[in-house]
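Nothing in this text is a laboratory measurement; each read-out follows from the coordinates by a stated rule. As the structure is a prediction and not an experimental result, all values here were calculated from the model. Virtual Cβ from ideal backbone geometry, glycine too; neighbours counted across all protein chains shown.
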Amino acid sequence: MNKLLSPMVASFAPTGVLRASINLGNPTLARRNASTDDPEGVSVDLAHAFADKLGVGLELVVFDAAGKSVAAVAAEEADIGFFAVDPLRSQGIRFTAPYVLIEGAYLVRDDSPIHANEEVDRPGTRVTVGKGSAYDLYLTRTLKVASIERASTSPAVVDTFLAENGDVAAGVKQQLEADAQRLGGLRLLPGRFMEIRQAMGLPSSRGAATGAALASFVEEMKASGFVAEALARHGIQGATVAGPSEVRE
């Protein structure tokens, strides 16, 4: 990959180091290595690749929840981040096209009377989501009569749902499946309630040209097979590489 020109490098890394916001709340994208405790995953791999392209060092700014990761980039405490695309987040962040697609699913107890996604939005139903996650933002807009209760982070959703005797847990399908296997007595509802479009983003203040350069990088990483190889290397199942998108220079 050809390195970008210096003025563009300065717009991405004004401190001389690329600060990448990493969200450990979505294990499909990033998690702690069991042996080293270092962050790893497709988003970490992309951050390293982009820092190499810029020719600068990389600093990982690590958070346990999506909302915190988003806030860091919007406040320019980080230069890039990896988030689900959402209209509310676009107020402070310029997004690329998605690089990965993930399914959002519902989980209930085995004896729950709820058997379909369409049955969730009913009076008295309590839905547990991770605070500030893509699912929180989406369900806050779309649920009309069911109530939303918020866990501190997405990985804590199922434990919170059980501890507070909720009716439905909502989150990344792979995380919910793992929790169902870990705890027992739980089942996923068929299908998905949303498709999560995971993209890279940077502060809106960095400008359109900088955003276009990041968008081009994402398209290059998808087309080259880098994203697919990273997903396979980290053993991620259920996530797919997003299709190509038109990039305007």
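Here are some notes:
- FRET efficiency for the pair A208 and S35, taken as 1/(1 + (r/R0)^6) with r the Cβ-Cβ distance and R0 = 51 Å, rounds to 0.75.
- Based on the reciprocal of the average 1/r between different C-alpha atoms, the Kirkwood radius for the range 157-239 equals 16.0 Å.
- Within straight-line cross-link reach of K222, lysines at Cα separation under 20 Å, skipping those fewer than 8 residues along the same chain: K3, K53
- Placing +1 on the Cβ of every Lys and Arg and -1 on the Cβ of every Asp and Glu, with no other charges, gives the chain a dipole of roughly 340 debye about its Cα centre.
- Separation between Cα centres of the range 119-147 and the range 156-234, rounded to whole Å: 17 Å
- Alpha-carbon gyration tensor eigenvalues x 5, square-rooted, for the range 208-249, Å: 23, 9, 8
- Considered as an equivalent ellipsoid built on the Cα gyration tensor, the range 1-79 has semi-axes of 23, 15, 9 Å, the largest given first.
- Range in the chain, longest, excluding exposed trypsin sites (Lys or Arg not before Pro) [loop by DSSP; at most 11 other beta-carbon atoms within 10 Å]: 1-143
- Cα pair distances exceeding 24 angstrom across the range 1-138, given as percent: 40 percent
- C-alpha long axis of helix 173-183 to longest principal axis of the chain, angle in °: 50 degrees
- Out of every Cα-Cα pair that the range 94-249 contains, those further apart than 29 angstrom amount to 28 percent.
- Selected from N23, N33, N117 as most flexible by GNM, with the chain as the system and alpha-carbon contacts under 10 Å: N33
- With a Förster radius of 30 Å applied to the beta-carbon distance between T15 and L88, the computed FRET efficiency rounds to 0.65.
- Its relative contact order, with pairs defined as Cα atoms under 8 Å and 6+ residues apart, puts the chain at 25 percent.
- Span per principal axis, largest first, for the Cα atoms of the range 92-169 (Å): 42, 24, 21
- With R₀ fixed at 25 Å, the C-beta to C-beta distance from R233 to D110 puts the FRET efficiency at about 0.10.
- The lysines within cross-link reach of K131, meaning a Cα-to-Cα straight distance under 20 Å and a gap of 8 or more places when in the same chain, are K68, K144, K173.
- In degrees, nearest ten, helix 208-223 long axis to first principal axis of the chain (Cα): 70 degrees
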